[in-house]
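Below: one structure, written as structure tokens.
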Amino acid sequence: GAVVSQHPSWVICKSGTSVKIECRSLDFQATTMFWYRQFPKKSLMLMATSNEGSKATYEQGVEKDKFLINHASLTLSTLTVTSAHPEDSSFYICSASGASGNTIYFGEGSWLTVV
Amino acid sequence: LAKTTQPISMDSYEGQEVNITCSHNNIATNDYITWYQQFPSQGPRFIIQGYKTKVTNEVASLFIPADRKSSTLSLPRVSLSDTAVYYCLVGERSTGRRALTFGSGTRLQVQP
């Protein structure tokens, strides 16, 4: 079946630095990818929709200048958390859907800890 | 997108059948019902998807009544490894460009 992979699985960074999380579709082309954020024991919250070759669409309340999304190819989307702060510490999950859109598959998630 | 309502939590014992019901009163004609499973610190995993009546695969069954205003995920003979959060989502199947909106999910705890 379709596989979506995220890297890194976990990352620790210092406040004020930027960190990049990659989301790859391994055996299909993903025209659209989605980025979610999840706090402990809470549900997934959609942050943005990433479309290949165009600007991402951000959900209300999500700062586009802080959470930079790039979807430069049909198999890769990246989320860059700029000038990270401790409150950005969270579990970030991406998902992808191929052209048929029948099922959306999720990555393994990436834990970000900002110290 | 149709809103879903699920029980916050459920408890069961190993070997029992578990049925988790989800309400989606304003489901649209083009909407499918999809269930995901999530373990701690992992991304959600697709379990099953259906439109109406009954769907069965190797891990679960999905029962959908004729009015489609609810659905029931059935897990036969659960084991400890089935302890997870289960999400019911409703949305158009063919629209891959639309994100899935997650509700609170049902936290299933399986006891030995």
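The values are calculated or read from the model by the stated rules, or taken from the named source; none is laboratory data. All values reported here derive from a predicted model rather than from experimental measurement. Cβ: placed from backbone, ideal geometry, glycine included. Neighbour counts: every protein chain shown.
Of note:
- The number of residues in region B:45-75 that are under 30 Å from A:SER90 (Cα atoms) and in contact with a Gly (Cβ under 9 Å, 6 or more places away or on another chain) comes to 1.
- Top-ranked residue of region A:56-89 - restricted to ones that are small (Gly, Ala, Ser) and on the phi < 0 side of the Ramachandran plot, ranked as surrounded by the fewest Cβ atoms within 10 Å (Cβ to Cβ): A:ALA72
- The residues in region B:1-50 that are of a type in the set (Asp, Glu) and not in a strand (DSSP E or B) can be counted, and the count is 2.
- Taken together, the residues in region A:40-66 that are under 26 Å from B:PRO40 (Cβ atoms) and out of contact with any strand residue (DSSP E or B) (no Cβ under 6 Å at 6 or more places or on another chain) amount to 5.
- The residue of region B:43-77 that is surrounded by the fewest Cβ atoms within 10 Å (Cβ to Cβ), among those that are under 30 Å from A:TRP10 (Cα atoms) and among the hydrophobic types (A, V, I, L, M, F, W, C), is B:VAL59.
- Residue selected from region A:80-114 under the condition more than 14 Å from chain B (Cβ to nearest Cβ) and in a strand (DSSP E or B), by the criterion farthest from A:PHE28 (Cα to Cα): A:VAL114
- Matching residues in region B:72-87 - criterion: being of a type in the set (D, E, K, R) and either at positive phi or in contact with a Ser or Thr (Cβ under 7 Å, 6 or more places away or on another chain) (or both): B:ARG77
- Residue that is surrounded by the most Cβ atoms within 10 Å (Cβ to Cβ) [pool: residues in region B:78-112 that are at pLDDT 95 or above, assigned to a loop (DSSP other than H, G, I, E, B) and touching a Gly at 6+ places or on another chain (Cβ under 9 Å)]: B:VAL78
- A residue that is assigned to a strand (DSSP E or B), among the small types (Gly, Ala, Ser), facing chain B (nearest Cβ under 9 Å) and over 29 Å from B:ARG107 (Cβ atoms) cannot be found anywhere in region A:67-77.
- If you check B:TYR51, B:TYR36 for being within 14 Å of another protein chain (Cβ to nearest Cβ) and within 30 Å of A:SER110 (Cβ to Cβ), only one passes: B:TYR36.
- Any hit, region A:9-21, residues being out of contact with any Cys (no Cβ under 9 Å at 6 or more places or on another chain), modelled with pLDDT of 95 or more and aromatic (Phe, Trp, Tyr): yes
- For the residues B:THR56, B:THR4, the requirement of being within 12 Å of another protein chain (Cβ to nearest Cβ) and among the β-branched types (Val, Ile, Thr) singles out B:THR4.
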